[in-house]
Structure formats: C-alpha cells, structure tokens
Amino acid sequence: MTATKLDGKATLASILDELSGRVAALTAAGRTPGLATVLVGDDPGSQSYVRAKHNDCAKVGITSIRRDLPADATQADVEKVIDELNADPACTGYIVQLPLPKGLDSGAALERMDPDKDADGLHPTNLGRLVLQEPGPLPCTPRGVVELLRRYDVPLNGAKVTVLGRGVTVGRPLGLLLTLRSVNATVTLCHTGTKDVAAELRAADVIVAAAGVPGLVTADMVKPGAAVLDVGITRGEDGLVGDVAPEVAEVASYLAPVPGGVGPMTRGMLLTNVVERAERGTE
Ligand SMILES: NC(=O)C1=CN([C@@H]2O[C@H](COP(=O)(O)OP(=O)(O)OC[C@H]3O[C@@H](n4cnc5c(N)ncnc54)[C@H](OP(=O)(O)O)[C@@H]3O)[C@@H](O)[C@H]2O)C=CC1
Ligand SMILES: Nc1nc(=O)c2c([nH]1)NC[C@@H]1CN(c3ccc(C(=O)N[C@@H](CCC(=O)O)C(=O)O)cc3)C=[N+]21
Ligand SMILES: [Mg+2]
C-alpha cells in the first residue's frame, strides 16, 4: 500500500486562486487587504518563510508591508514597529516572525499586538477565544491541518487523533481546534512525559507529528490505513526533514509530507485570516 499524498502545495494554489477573487472584490470596494511581516535578524529559515509569504500576497493582490529589523534590535525597537502597525489603516493583519533573537521577549511582543490584527491567531486573546469557542483568527498551522484533511474528505468527526507535541504554535492549539463541536475529533496530545508514545500513535486514525525530531514516527507506530500529517521541520544537510520516516507511506492511507504538505497550508491560512478580517470590515 502506498499512501495518497495530502498535497499542500497544490491545495495552496487552489486557496490562492479562491482568495484572488475575494481580494478583487474588496479592492473594487476600495478595501484592499494588507498583510505586514515583522522580521528581526537574519536567520535564513525565517527570511525564506517571510519571502514566501510576500510572494503569496503578490499572487492574490494583497498589499504586503515588510518591516525588517537588524539582529541587534531592542525590545523597544520591536514594540515601536508593533505600535505603528496597530495604528496603520493599510495593515489589515500582521505577524511577528518567530522565534525572535535571544534576549527579546516574544510573549510581550505578541501581547502588544492588536488582537484583531493578529493574522497568526497566536495572541493570548485569540487563544482565549479559541478556548471559549468564540469567533476570531485561528492559529494558521492547526487550521492548515484541519483544512487539508477537509479538502481530501478525511473524516474527523468521531476520529481518534494523536498529536505528537504540545508546542504553543502547533500541538496545543491544534488540540483545541480538533475538539471544537464543529470538528468533533477525540484528541490525545503526546509530549516528552508520555509513557508510551508508540502505543498512543498506534491507536490513532489520524496522526499529526509536530515534535521537531527527524524520523520520530516510524512505520511500526502507525495503524494500517491511518492518515499521517508531518508538521515537524528540521533543516538538514540536503533540505528539510520531517518527523515522519519515509517508510510510513507504505502503511498510511494518506500522508502530508515535508516539504509540500502542511507548510504551504500554513501560508494559505495566514492569507485567509487577513482576507476574512478585511471582509468583516475593520473600523
Ligand atoms: N509546517 C509548518 O507550517 C510549521 C512547522 N513547525 C515545526 O513544527 C515543529 C513543532 O513546532 P513547535 O510546536 O513550535 O515546537 P516546540 O519545540 O514548541 O514543541 C515541540 C513539542 O514536541 C514534544 N517532543 C519533542 N520530542 C519528543 C519526543 N521524543 N516524544 C514526544 N514528544 C516530543 C515536546 O515535548 P515537551 O513539551 O515535553 O518538551 C514539545 O511539546 C517544529 O519542527 C517546527 O519547526 C512549526 C510551525 C509551523
Ligand atoms: N509568527 C510566526 N508564524 C508562523 O506561522 C511561523 C513562525 N512565526 N515561525 C516559524 C514557523 C514555521 N512556519 C512555516 C511556514 C511555511 C512553511 C512552508 O511553506 N514550507 C514549505 C517549504 C519551505 C522551504 O522550502 O523552505 C513546505 O513545507 O513545503 C514552513 C514553515 C511558519 N511559522
Ligand atoms: Mg513553540
């Protein structure tokens, strides 16, 4: 058996195509959406993610605003840019690319953002809205996971989902999203304190690996026919390496690979959050 690829790259192309029409309608009404990125320092990975986000904006007609700061920027420098973006009517939404260089307080930076302009859905207010099942921007990577499964008709209602990792950007908010009534999965979150990770994975209909440990999920840990989504990204000698070993494709029914799976979906959901806010109207 060889798994069907959950093709995030192709799905992103469809999403950008759908967003183009919505952005054209907003532009015709004089309300072109704008996405800003705040990038501090010169980490090559962060630079390439930010570049990709601006390319996506250009494809759909979203105005993009880049605020790049040097690696030695102070907390006050970062907060000044945040205050400017909060006040800028051309900026519908923005992200502060994480991680920030050592010495900067990313929690304080995130909290200073206008929660309604938080395109990442990572502001404490928006995480709180998710807990309370109130509307607000959803965290992009978790939303990308759910959207990719939905577009391939992989059922989540009643499914047993095991998530590897409880990080703030992926695992923990994904658990909250999957357990909304509208999704209705039953979730197990694993972490380094989990007694038997392999047993938790083997019980799952859907596995989401977001630990950042290359090759952690091996074929013997996957129930035949399960859907497996790789989220972990490690930069290796020859490109990006995920948390899921390649042989897993022989037992899984569906596989979202690294690269080409959830990563592009994260970008699609970022732009979706911005367009949704522009459509709601800002004031
Ligand atoms: N594709 C995409 O769009 C994105 C990909 N990523 C990638 O996803 C991965 C996770 O990101 P993030 O949540 O920020 O990372 P964190 O470092 O915050 O979290 C990693 C989690 O994995 C758990 N973990 C690590 N090793 C093991 C293990 N051997 N067994 C069980 N659990 C383990 C940790 O457990 P504990 O809490 O006990 O330490 C922790 O909860 C990274 O590789 C990151 O690069 C992130 C964002 C977007
Ligand atoms: N505030 C903030 N928001 C984020 O959403 C955020 C962040 N900080 N910091 C880092 C992580 C990581 N992340 C990815 C985005 C796109 C791809 C992506 O498009 N990946 C492509 C390949 C990219 C490549 O080749 O380098 C793929 O998997 O096919 C991956 C990872 C968002 N993150
Ligand atoms: Mg984290």
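General remarks:
- Just so you know, in region 1-57 the residues that are aliphatic (A, V, I, L, M), part of a loop (DSSP other than H, G, I, E, B) and closer than 23 Å to Val231 by Cβ include one that is modelled with the lowest pLDDT, and it is Met1.
- Flag if Ala210 is more than 16 Å from ligand 2 (Cβ to nearest atom), more than 21 Å from Thr272 (Cα to Cα) and surrounded by 24 or more Cβ atoms within 10 Å (Cβ to Cβ): no
- Cβ pairs under 8 Å, 6+ apart, first in region 224-240 and open to solvent by 10 Å² or more (accessible area, probe 1.4 Å) and within 14 Å of ligand 1 (Cβ to nearest atom), second among the polar types (S, T, N, Q) and not in a strand (DSSP E or B): Val231/Thr141
- The sole residue among Leu127, Leu174, Leu164 that is in contact with an Asp or Glu (Cβ under 8 Å, 6 or more places away or on another chain), within 16 Å of ligand 3 (Cβ to nearest atom) and within 24 Å of Leu98 (Cβ to Cβ) is Leu164.
- Selected residue [over 22 Å from Gly260 (Cα atoms), more than 16 Å from ligand 3 (Cβ to nearest atom), open to solvent by 40 Å² or more (accessible area, probe 1.4 Å) and among the acidic types (Asp, Glu)] from Asp220, Asp205: Asp220
- Among the residues of region 162-186, those that are open to solvent by 40 Å² or more (accessible area, probe 1.4 Å) and away from ligand 1 (no atom under 12 Å from the Cβ) comprise Leu176, Thr179, Arg181, Ser182, Asn184, Thr186.
Rundown of residues vs (1) within 21 Å of Asp42 (Cα to Cα); (2) away from ligand 1 (no atom under 16 Å from the Cβ); (3) in contact (Cβ under 8 Å) with a residue 40 or more places away in the chain, yes/no style:
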residue	(1), (2), (3)
Thr74	yes, yes, no
Ile95	yes, no, yes
Leu104	yes, yes, yes
Arg112	no, yes, no
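- Only one entry in Ala245, Ala219 is of a type outside the set (Ser, Thr, Tyr), in contact with a Ser or Thr (Cβ under 6 Å, 6 or more places away or on another chain) and away from ligand 2 (no atom under 16 Å from the Cβ), namely Ala245.
- Any pair with Cβ under 7 angstrom, 6 or more apart, that starts in region 119-138 at a residue that is exposed (fewer than 13 other Cβ atoms within 10 Å of the Cβ) and ends at one that is not in a helix (DSSP H, G or I): Gln133/Leu180
- Whether a residue is of a type outside the set (Lys, Arg), open to solvent by 70 Å² or more (accessible area, probe 1.4 Å) and either at negative phi or away from ligand 2 (no atom under 14 Å from the Cβ) (or both) was assessed, and Gly103 passes this test.
- As for region 225-246, it holds no residue that is touching a helix residue (DSSP H, G or I) at 6+ places or on another chain (Cβ under 7 Å), assigned to a helix (DSSP H, G or I), modelled with pLDDT of 95 or more and not basic (Lys, Arg).
The values are calculated or read from the model by the stated rules, or taken from the named source; none is laboratory data. All figures in this text were calculated on a predicted structure; none of them were measured in a lab. Quick reminder, even Gly has a Cβ in these numbers, built from the backbone with ideal geometry, and neighbours come from all protein chains shown. Quick note on the areas: whole protein, heavy atoms, side chains included, nothing else; ligands and nucleic acids left out. Shrake-Rupley method; radii C 1.70, N 1.55, O 1.52, S 1.80 Å.
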